[in-house]
Amino acid sequence: MSTSAVVLGIGNRMRGDDAVGSLVTDQLSGIQGAQVIDAETAPENHIEPIVRLKPERVLIVDACDFGGRPGEFRLFDRNEIGRLAGGIVSTHTLPLSMTVELLEKRVRAEIRLLGVQPARVEFGETLSEPVARALPELAAFIRQWVDAAAAS
């Protein structure tokens, strides 16, 4: 089994904007050309299923403090993921950079991070207004990314 692209959403739905990666996967159900996975707080648990898919591209979606405006999102390449490791705000079991390293050893895929600037990530918080407003645009961006993956 193979697919051209995997979208891996990461997030904790009980920690405000940290939920963004998981919430965007809800909006992508039924998307053509990609396997969408809600990894919640344990992306490392999805390494083997991703390996079996043999994707050409993997897009990780996660809350990330890169100094932007809340709700702003940016695409980061593999080299930037390690540099941003201190700004990843999700409650991962393993650091995201380690998950990416494990994936790199097992798949020959381009791995990118779509980081979303959070406003708040405290336990018990709801999604902030700026991040909630960004969700449709975020989903549209991911759809375009998937279409580009299918076209290449």
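The values are calculated or read from the model by the stated rules, or taken from the named source; none is laboratory data. This structure is a prediction, so every number in the text was calculated from the model and none was measured. Here the Cβ is made from the backbone with ideal geometry for all residues, glycine too, and neighbour counts use every protein chain on show.
On the basis of being touching a helix residue (DSSP H, G or I) at 6+ places or on another chain (Cβ under 6 Å), buried (at least 21 other Cβ atoms within 10 Å of the Cβ) and either modelled with pLDDT of 95 or more or closer than 30 Å to Arg133 by Cβ (or both), does Gly16 make the cut? Don't jump to the end; show me each part of the working.
Working: touching a helix residue (DSSP H, G or I) at 6+ places or on another chain (Cβ under 6 Å): no; buried (at least 21 other Cβ atoms within 10 Å of the Cβ): yes; either modelled with pLDDT of 95 or more or closer than 30 Å to Arg133 by Cβ (or both): yes.
Against the criterion (touching a helix residue (DSSP H, G or I) at 6+ places or on another chain (Cβ under 6 Å), buried (at least 21 other Cβ atoms within 10 Å of the Cβ) and either modelled with pLDDT of 95 or more or closer than 30 Å to Arg133 by Cβ (or both)), Gly16 does not qualify.
Is it the case, given these coordinates, that Ala5 is touching an Asp or Glu at 6+ places or on another chain (Cβ under 8 Å) and among the aliphatic types (A, V, I, L, M)? Criteria met by Ala5. Test Val7 against the criterion of being β-branched (Val, Ile, Thr), assigned to a helix (DSSP H, G or I), under 18 Å from Gly115 (Cβ atoms) and touching a strand residue (DSSP E or B) at 6+ places or on another chain (Cβ under 6 Å), and give yes or no. Taking the combined requirement at face value, the residue does not satisfy it.
Screening the range 88-114 for residues that are of a type in the set (Ser, Thr, Tyr) and in a helix (DSSP H, G or I) and picking the one that is modelled with the highest pLDDT gives Thr99. Condition first: touching a helix residue (DSSP H, G or I) at 6+ places or on another chain (Cβ under 8 Å), at pLDDT 95 or above, within 21 Å of Arg15 (Cα to Cα) and among the basic types (Lys, Arg). Can you find one or more residues in the range 66-87 that meet it? Yes - at least one qualifying residue is present in the range 66-87.
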